[in-house]
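Everything below concerns the one structure shown next.
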């Protein structure tokens, strides 16, 4: 058997194992190592793993991931999500679709603090969905607005997924984090515009609230948001100015949200041991996926699969836009079936070299891939965030209602992709000023 045949056979086997329900991290490690062993033998393969794993797990920039995750868990315990939804409801509630607008704005802001799309979607489903249904909102539309707004957490910095992309591609993590600011704000604004448009065209789906609040009440609702905004400003400002590394920025954010949680719920209410345990467990899972992805990437490189696909797509006479379309469709299809870190680990060994050969900037491609992962997280028939919202909502809404409500938001997401392709400076402007 040729190495190329072994590479394609291993890739097919990987997807077959994943479809059968095996953990993706184990599938990546098993297939990658077995393929390397078949081509090189047992002893050289073990030696290769020994020299490859330690430099990766001991790298300083890896520690940014647990810092960002810990910040998110502290933010949840500090009740920041409740404060954000309360403030946004008081400021935007009287607009058409005001509660959905409030939920979108609060979700985007909380995503900047938590970095977790699953945690953000769960929290705001419990906070906002019952209130929207009580106010007469269409159940599917209300749940869908939360599901897709929750994905903003992986784009708006700080984001652990951005760090994963940086590790897998050796891209500058600090620039990647800064690059997500403008696209994240634009995407949030587009989603809010979609909510407002649907509310104006179909008032029965998102009625305006008749509840009034005084200016004093609105200003008072910002009391807990100010410190969070200051923390995020310091984190991103420090990154932008070169004062902080991504890890140091995450440590600042984790410490600040820890203090906020202590002030809000006391030393016992913060459940420090549980927060640390959750951080360790999730960090270990992400590390395992990254290591599996690196092992599988080495297998693809040694077998020649990566070079073969790159040669077919880049030198096979295909138009650049045809290649970009193929890459986009691959991410959308695979993104429907698995979580974002696994998606990056499996796909980047192939797609990243292809896009770099076409002359695309690695920072731009990182943001583009993150947006594709966001779309995959809400696209039927799987759509991880849709299942998260359904699980948190219980009997309040069905999956079918959520998927139907997502249609205008998915159209908006494709508009966002078009903007990134047409105007790459949306992504690159801030990083080039660092």
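So the values come out like this:
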read-out	value
Euclidean distance of C-alpha centroids, segment 113-169 and segment 8-81, integer Å	25 Å
Highest average packing first - 19-26, 120-127, 330-337, Cβ atoms within 10 Å	120-127, 330-337, 19-26
Folded to 0 to 90 degrees: helix 246-269 orientation relative to the chain principal axis, Cα	40 degrees
Residue among 369, 43, 57 with the largest mean-square fluctuation in a Gaussian network model of the chain, springs linking Cα atoms under 10 Å	43
Label point distance in nm, residue 320-residue 4, each placed 7 Å from Cα along Cα→Cβ	2.7 nm
Point-to-point label distance, residue 285-residue 415, nm (Cα→Cβ direction, 7 Å offset)	3.4 nm
Using distinct alpha-carbon pairs, which all enter the 1/r mean, Kirkwood radius of segment 28-117 in Å	16.8 Å
Angle in degrees between helix 64-77 and the longest Cα principal axis of the chain, rounded to the nearest 10	20 degrees
Choice from 106, 411, 192 with maximal GNM fluctuation in the chain (Cα, 10 Å cutoff)	411
Segment 297-383: projected area of the alpha-carbon convex hull, averaged over directions, in nm²	5.5 nm²
Tilt relative to the chain, helix 80-92 - C-alpha long axis, 0 to 90 degrees, to 10	50 degrees
Estimated FRET transfer efficiency when R0 is 51 angstrom, pair residue 54-residue 218 (beta carbons, to 0.05)	0.40
Tail weight of P(r) past 20 Å, computed on alpha-carbon pairs of segment 60-180, percent	43 percent
Whole-angstrom Cα spans of segment 172-298 along principal axes, big to small	56, 41, 32
Order of 433, 274, 390 - criterion: other Cβ atoms within 10 Å of each residue's Cβ, fewest first	433, 274, 390
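Since every read-out is calculated from the coordinates, none of them should be taken as a lab result. All of these numbers come straight from a predicted model, not from anything done at the bench. Reconstructed Cβ throughout: ideal geometry from the backbone, glycine too, with neighbour counts over all protein chains shown.
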